[in-house]
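*Asks:* Pasting a structure here, questions to come.
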Amino acid sequence: LDEYNDILPISKENAVLLAGKRALYHINLSSKKTTVFSSDKRLLNGVNKLFPSNTGAGFWALTEFQGGLFFNFGKGNIVKSVAEGKGLTTMFQWQNKLYFGLSAGNLLLVDGEKETNISVGNDEVHISEIRAYQNKLLIGTQERGLFILDNQSNKVLTSYYHTCLLYTSPSPRDRQKS
């Protein structure tokens, strides 16, 4: 096995997936059998993160250059690709919808075959984390920001930024005469 970036347990198969730098490995923990998925060249471009499918039929692989790829176990290949070349950073599944975080302040919502781009910030915002809370999505950014998105309307309700105030005025001690 080569160096790997992520591990995804598959409990109903007693197996794990390893996202390697050059291939994807399916390891059956009972039989110790390893299957290497490297025939599809898109999987060879650096899988960074693996996510289970909400249907159980496969998994999502986030890749460095190819975007989000859905790999179907039954067919043994990639059956869907989203956000290719858009700087995909993370993914979240909730209520039968897929949310892909993009590096330019956008979310890509995939609901069945429909794809919707949702702006949550400017081009400098890099989405790093997506989580659900009540009926809202919490979207964290690398820039220490937090956006709250309404799941029904797909509108940003509010945003918070953690900022640091740099105080440059002279202090009373600096004003004292020597």
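No lab work stands behind these numbers, since they all come straight from the coordinates. Computed from a predicted structure; not experimentally measured. Neighbour counts are summed over all protein chains in view; Cβ atoms, including those assigned to glycine, are modelled from backbone coordinates with ideal geometry.
*Asks:* Among 102-114, 17-29, what's the highest-first ranking by average C-beta atoms within 10 angstrom per residue? Provide the component values of the computation, followed by the final result.
*Replies:* Numbers: 102-114: 16.0, 17-29: 18.3.
Order by mean packing, descending: 17-29, 102-114.
*Asks:* So, one more: Restricting everything to alpha-carbon atoms, can you work out Rg to Rh for the range 61-160 with a Kirkwood hydrodynamic radius?
*Replies:* On the way: Rg = 13.4 Å, Rh = 13.8 Å.
Across the range 61-160, the Cα-based Rg/Rh ratio is 0.97.
*Asks:* When only alpha-carbon atoms are used, what values of Rg and Dmax, in angstrom, describe the range 82-123?
*Replies:* So, for the range 82-123, Rg and Dmax equal 9.7, 28 Å respectively.
*Asks:* Let me ask something else. Just to be sure I understand the model, the point goes 7 Å from the Cα along the line to the Cβ. What's the resulting Trp94 to Ser30 distance in nm?
*Replies:* Simple spin-label model gives 3.5 nm for this pair.
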